[in-house]
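Worksheet: one structure, shown below.
The values are calculated or read from the model by the stated rules, or taken from the named source; none is laboratory data. Everything numeric in this text was worked out from a predicted model, so none of it was measured. Here the Cβ positions follow ideal geometry from the backbone for every residue, glycine too, while neighbour counts run over all protein chains shown. Note: areas computed on protein heavy atoms with side chains; ligands, DNA, RNA excluded. Shrake-Rupley method; radii C 1.70, N 1.55, O 1.52, S 1.80 Å.
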Amino acid sequence: MIPYSRQQINKLDIKNVNKVLTSNFLTTGPEVDKFERKLNSFCGSKHAVVTSSASASLHIACLALGLKKKDIVWTSPITFVSTASAVLHCGAEVDFVDIDKETFNLSIENLKIKLKKAKKKNKLPKIIIPVHLAGNPCDMKSLKLLAKKYKFKIIEDASHALGSRIGSQKIGNSKYSDITVFSFHPVKIITTGEGGATLTNNKTLSDKIRSLREHGIERNRLNFKYKLSNPWYYEQQTLGFNYRLNDIQASLGLSQLNRAKLFLKERNKIANIYKRSFKFLNLSFQKVDINNYSSYHLFIGLFPPKKRLEIFKELRKNKFFVNLHYIPLFLHPIYRKKFKSKLFPNSMEYYQRAISLPIYPNLKRKNIEKVIKIIKKKI
């Protein structure tokens with residue numbers, strides 16, 4: 001079965017992991033520190049805190065920004081469930097902004113309309129979480145201007161977008177946001193097995209996130225609430241979590257990050273093959289601004305609604321494990337009673353047409369051509 005995406009592990013990755021397995025540290029240690037520093041260097045950020053998953057990172061990012069009961073967070077409905085679950089875990093309310101038909105990301109025009117209405121009702125969001133779907137950067141410049149006007153915070157869900165750029169600005173440098181979150185799941189741009197990262201330029205936020213990652217425990221004497229001199233002393237100052245990444249995972253992440261540019265190049269190469277091959281067919285694809293760069297974690301095509309299921313089944317029948325990213329969140333049972341799908345027409349149209357085609361480094365050209373051949377035959 002050819003998956004829609006998968007990891008690439010080489011001998012050097014295995015060597016680096018084996019080196020840690022014979023070292024003195026297996027849990028959070030020097031490899032984690034190195035990985036965090038290298039992420040800062042790669043993305044242009046000041047502070048990085050790696051975690052056990054992007055879901056964990058989203059959760060503690062919300063908490064670090066003070067999200068609490070009765071607060072409201074807005075996000076895109078076309079995302080994995082973790083984006084909204086992080087909000088609910090904080091006891092806050094989640095709402096959705098319909099997507100843009102061309103970029104598949106949160107629509108700035110729809111957001112402007114929704115913000116005006118919310119201001120009149122005194123129900124503005126505390127945080128907005130834009131999702132860089134498939135690695136395609138959102139319109140962060142416009143979003144930042146709206147944040148200044150309406151006084152909300154921004155967490156970038158960049159789970160798909162390591163290596164993506166807005167102009168010359170790398171996603172992760174948090175120029176247009178308070179916090180950026182990445183995922184290192186095996187299907188993502190690089191992997192640590194499971195894992196995530198929380199990047200920011202704000203040291204106070206970074207310190208909060210780091211504390212929340214480690215049970216809320218403080219070990220720096222300068223920050224103690226009670227000035228005891230005992231060498232074994234530490235303090236739990238807040239209620240935190242065990243969201244740590246270990247050194248085994250970090251060593252794999254470090255090795256993978258060395259090849260991130262190669263991975264990105266290969267994904268973009270495959271995306272361009274698909275685009276050229278389907279140019280004159282009744283298909284449409286995610287629009288990436290000419291000045292931006294997508295990581296192409298996913299390659300999403302929009303197919304004629306009456307043909308979509310047939311094409312999906314035919315690809316699966318031929319051992320191509322294509323998928324759908326994603327079922328709109330408001331259609332899940334946990335949200336369905338609260339939200340009406342007619343309020344999100346673009347998301348519903350997307351849901352009726354989308355298929356994620358195979359795209360990953362080491363995907364053989366003959367398999368790419370076979371996918372193209374099957375689709376052309378069915379359109």
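Brief remarks follow.
- For the range 66-79, filtered to residues that are crowded, with 20+ Cβ neighbours inside 10 Å and not polar (S, T, N, Q), the residue that is farthest from Leu111 (Cα to Cα) is Leu67.
- Scope the range 347-373; condition in a helix (DSSP H, G or I) and open to solvent by less than 10 Å² (accessible area, probe 1.4 Å); matching residues: Ser347, Tyr350, Ile368, Val371, Ile372
- Any chance Ile311 is assigned to a helix (DSSP H, G or I) and open to solvent by 90 Å² or more (accessible area, probe 1.4 Å): no
- The set of residues in the range 259-280 that are open to solvent by less than 70 Å² (accessible area, probe 1.4 Å) and either in a loop (DSSP other than H, G, I, E, B) or in contact (Cβ under 8 Å) with a residue 60 or more places away in the chain (or both) comprises Arg259, Ala260, Phe263, Leu264, Glu266, Arg267, Ile270, Ala271, Ile273, Tyr274, Ser277, Phe278.
- Any hit, the range 144-163, residues being surrounded by fewer than 19 Cβ atoms within 10 Å (Cβ to Cβ) and either touching a Pro at 6+ places or on another chain (Cβ under 9 Å) or among the β-branched types (Val, Ile, Thr) (or both): yes
- Scan of the range 328-346 for residues that are open to solvent by less than 10 Å² (accessible area, probe 1.4 Å) and either in contact with a Lys or Arg (Cβ under 6 Å, 6 or more places away or on another chain) or at pLDDT below 95 (or both), ordered by number: none
- Test: residue in the range 223-243 that is modelled with pLDDT of 95 or more, of a type in the set (Phe, Trp, Tyr) and not in a helix (DSSP H, G or I): yes
- Single residue of the range 29-65 satisfying the filter (assigned to a loop (DSSP other than H, G, I, E, B) and open to solvent by less than 40 Å² (accessible area, probe 1.4 Å)) that is nearest to Cys90 (Cα to Cα): Leu65
- Flag for Arg316 being basic (Lys, Arg), surrounded by 15 or more Cβ atoms within 10 Å (Cβ to Cβ) and out of contact with any helix residue (DSSP H, G or I) (no Cβ under 6 Å at 6 or more places or on another chain): no
- Failed item, numbered, when Glu102 is tested on (1) outside any helix (DSSP H, G or I); (2) of a type in the set (D, E, K, R); (3) surrounded by 17 or more Cβ atoms within 10 Å (Cβ to Cβ): (3)
- The selection criterion, being basic (Lys, Arg) and either within 21 Å of Gly163 (Cα to Cα) or without any contact (Cβ under 8 Å) to a residue 12 or more places away in the chain (or both), holds for Lys34.
Residue-wise test of (1) without any contact (Cβ under 8 Å) to a residue 60 or more places away in the chain; (2) under 20 Å from the mean Cα position of the chain (by Cα); (3) within 22 Å of Asn173 (Cα to Cα).
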{"site": "Val87", "(1), (2), (3)": "yes, yes, no"}
{"site": "Asp98", "(1), (2), (3)": "no, yes, no"}
{"site": "Lys114", "(1), (2), (3)": "yes, no, no"}
{"site": "Ile127", "(1), (2), (3)": "no, yes, yes"}
{"site": "Cys138", "(1), (2), (3)": "yes, yes, yes"}
{"site": "Leu143", "(1), (2), (3)": "yes, yes, yes"}
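- Residue match in the range 110-125 (condition: open to solvent by less than 60 Å² (accessible area, probe 1.4 Å) and under 28 Å from Leu264 (Cβ atoms)): no
- Test result for Leu283, open to solvent by less than 40 Å² (accessible area, probe 1.4 Å) and at pLDDT below 95: yes
- Ile209 vs. criteria under 18 Å from Ile60 (Cβ atoms), part of a strand (DSSP E or B), of a type in the set (A, V, I, L, M) and in contact with a Ser or Thr (Cβ under 7 Å, 6 or more places away or on another chain): no
- Cross-chain or 6+ apart pairs with Cβ under 9 Å, the range 331-354 first and over 14 Å from Glu102 (Cα atoms), then open to solvent by 30 Å² or more (accessible area, probe 1.4 Å) and of a type in the set (Gly, Ala, Ser): Leu331/Ser341; Ile334/Ser85
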